[in-house]
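Enquirer: Sharing a structure with you now.
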Amino acid sequence: MTSWRTTRRAALRMGAAAAALMLTGSAPALSAAASPAVRQPNILFILVDDMGFADLSISGNRLVATPNIDALARDGMVMTQFYNAAPICSPSRAGFMTGQFPAANRFVTFIAHRRRNEQFGQAHWLDPQIPVLPRALKSVGYATGHFGKWHLGGGRDIGDAPLPSAYGIDESYTQFEGLGPRLLPNDLDGDLARQSAQLGQGPIDWAPRAEVTARFVDKTLDFVRRHRDGPWFAQLWLDDVHTPWKPNAEQIAAVKGKGKNEAEDRFLAVLVAMDAQIGRLMEGLRQAGALDNTLIVFTSDNGPTVGAQTPGSAGPYRGRKASLYEGGVRQPLIVRWPGQVKPGSWDATTVTQAVDLFPTLARIAGAAAPEGVDGIDIGRAWRGSPLMKRPDLYMHVARPAAEAQFGPLYSIRSGAWKLLMNADGSGMELYNIDDDPREQDDRVTQNADVTKRLSAKLSAWIAKLPTPGPAVGKAMQ
C-alpha cells in the first residue's frame, strides 16, 4: 500500500499531469480498518461545483496549495476512479440524491428557464416522490440540513418548484438555484439573483459573492451545534470555483501572480479561500465535539468549466464540464471516517459513481435499502477492501448541436471498457480505461466484439429512457 507521505513527496517532485496520473495507478489491496461503528455516525457531504480532477494539491495543483482539503485526504481515503452521474450540475446532483442514473428521471442538463428545459426534455425539478438520501436518513432519526447550491428546482422563471423540505430536509439555506431561505450575491452582473428575489418563496439575505461560502459554513456549524447529540446529516454544496470568480481584495492578494493571467489569479483566489473555509469548518466540528464521529465525503459535481484556456484542470484527462470523456466526469472522492477508513489510504481499483452514495450511506446509517437504485453499497471499499467488479455505469448529457466537439452524448463503463456514442449509434468511441485513461487510443475497430456488445447494452438502456424533448432528436446528434 502506498502511504500518504510517500505519495505526497512524489507529487511534489512531479508536474500536475504526472501527479494526477500517479493517483490513478494500481495499488496493492488496502488493509482492513477497524470494526464497524457501534452507533450512527454524523454525515457531512461536501460537494464542490465545477472543480476539476487536478485542482487540488493532492491531485496535482502546483500553483497553489489546498492544505485543509489535503488534510481530509491525509486523515482518510482518496478514491481515484470515482465518476459523477453526469458531467453537468443538475443531473449530477440528482444522481447523488436518488442513487439512480439521472437520465431516467429526465435530468439530462442543467435546470434553466422553462423554455430551455422543455427543449432538452429536462425536468423543471426533481420529483419529490422519488426516494432520496436525506429522507431516508431522516426516517432513522437523523436531523437533516442543506446549505449551499441546490440546482434541483427553483430559480429563473420557476417559482413553483418544491422546497428542499419536500425531500426530507429539515433546514436549508441555498442560493439563486433554489427556493426557501437563501443567500443571494449582491455584486454580480447577471440576472439570476434578481430573478430569484422576484420569485419570493422564502426569506432572502444578500452578501458579496466572496462572503457567500463563509455564510454557508456558519449555517452548517450552527446546525451542527444545535444537533450535537446527533445523529445529523448535512449537505454543504459550494460553488466558489464556478464562474464568475469574484474574490475580494484580500483573497486576490494572497495569490497575485500565481496564475498565467488575471482570470486564473481570480480562480486560484476563490479556490484557496474555499479551502480556508473548509479548514474553519473542520475546526468548528472539532470544537463542537463532532469531528471524531462524523463521516465526511468530499468531491466535485463535474469537471472544470468549459473552454480550452479557462482556469481549472482535469489533469491528464480528456474533456471538461459537459463532456462524457474522463475529464468531465472523473473526480477524486475523499472519505474521512475515524476508526473506519484508514488514514492516508488510497483506492485506485474500485470503480464507483455518484449513484453509490445513497445505498452506501443508507446502510451505514441503518436505513432501509432504497428500492430501484442503480448504485451499490461501496462501504467495503471504504474499509479497505477494494471492489474488483461492479454493475455497468450509464451516463447521458444533453447539449446544443453547436457543442458537438465535447463528444458523444451517451456512455457506458463496463469493467475496463468505456464506450461512447450517440442515440442513433453514430460517433462510437471505445477505450480501455485501465490501459488508456487519457482516452487517446480508440479501439472501436480493433475490439469489434467489445464494441458490438457494449453498443447493444447502451442502445437498450437508451431505449428505456423517457422520450426526449422536441429539439433533442437529430439536431442533438
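Enquirer: Among the listed residues ASP449, ASP441, ASP392, ASP435, which satisfies the condition of being over 22 Å from GLY375 (Cα atoms) and in contact (Cβ under 8 Å) with a residue 12 or more places away in the chain?
Expert: Answer to the selection: ASP435.
Enquirer: Let me ask something else about it. Can you name every residue in the stretch 59-89 that is within 23 Å of ARG286 (Cα to Cα) and outside any strand (DSSP E or B)?
Expert: Across the stretch 59-89, the qualifying residues are ALA65, THR66, PRO67, ASN68, ILE69, ASP70, ALA71, LEU72, ALA73, ARG74, ASP75, GLY76.
Enquirer: A further question follows. Is it true that some residue in the stretch 99-119 is touching a residue at least 12 places away in the same chain (Cβ under 8 Å), closer than 29 Å to LEU285 by Cα and out of contact with any His (no Cβ under 8 Å at 6 or more places or on another chain)?
Expert: Yes, the stretch 99-119 contains at least one residue that is touching a residue at least 12 places away in the same chain (Cβ under 8 Å), closer than 29 Å to LEU285 by Cα and out of contact with any His (no Cβ under 8 Å at 6 or more places or on another chain).
Enquirer: If you don't mind, there's one more thing I want to ask. Give the stretch 300-341 a look and list any residue that's among the charged types (D, E, K, R) and under 13 Å from the mean Cα position of the chain (by Cα), or say none.
Expert: Residues satisfying the conditions are ASP301, LYS321, ARG330.
Enquirer: Find the residue count for the stretch 307-321, including only residues that are among the aliphatic types (A, V, I, L, M) and surrounded by 19 or more Cβ atoms within 10 Å (Cβ to Cβ). Spell out how you get there, then give the answer.
Expert: The first filter runs over the stretch 307-321 and keeps only residues among the aliphatic types (A, V, I, L, M), leaving 308, 314.
In the following step, the residues that additionally are surrounded by 19 or more Cβ atoms within 10 Å (Cβ to Cβ) were identified as 314.
Here the count works out to 1.
Enquirer: Next question, about the same structure. Among strands (runs of 3 or more DSSP E) lying entirely in the stretch 322-401, which contain 1 or more residues that are surrounded by 18 or more Cβ atoms within 10 Å (Cβ to Cβ) and acidic (Asp, Glu)?
Expert: 345-347
Enquirer: Which condition from (1) farther than 19 Å from MET79 by Cβ; (2) touching a Ser or Thr at 6+ places or on another chain (Cβ under 9 Å); (3) not assigned by TED's automatic domain parsing to the domain that holds GLY52 is the one that LEU393 breaks?
Expert: (1)
Enquirer: Scan the stretch 237-270 for residues that are assigned to a helix (DSSP H, G or I) and more than 26 Å from CYS89 (Cβ to Cβ) and jot them down.
Expert: Once the filter is applied, which keeps residues that are assigned to a helix (DSSP H, G or I) and more than 26 Å from CYS89 (Cβ to Cβ), the stretch 237-270 yields ALA249, GLU250, ALA253.
Enquirer: For the stretch 404-436, give me each residue that is surrounded by 14 or more Cβ atoms within 10 Å (Cβ to Cβ), farther than 24 Å from GLN81 by Cα and of a type in the set (D, E, K, R).
Expert: Hits for the stretch 404-436: nothing passes.
The values are calculated or read from the model by the stated rules, or taken from the named source; none is laboratory data. Keep in mind that this is a model prediction, so the values were computed, not measured. All Cβ positions, glycine included, derive from the backbone under ideal geometry; neighbour counts span all protein chains shown.
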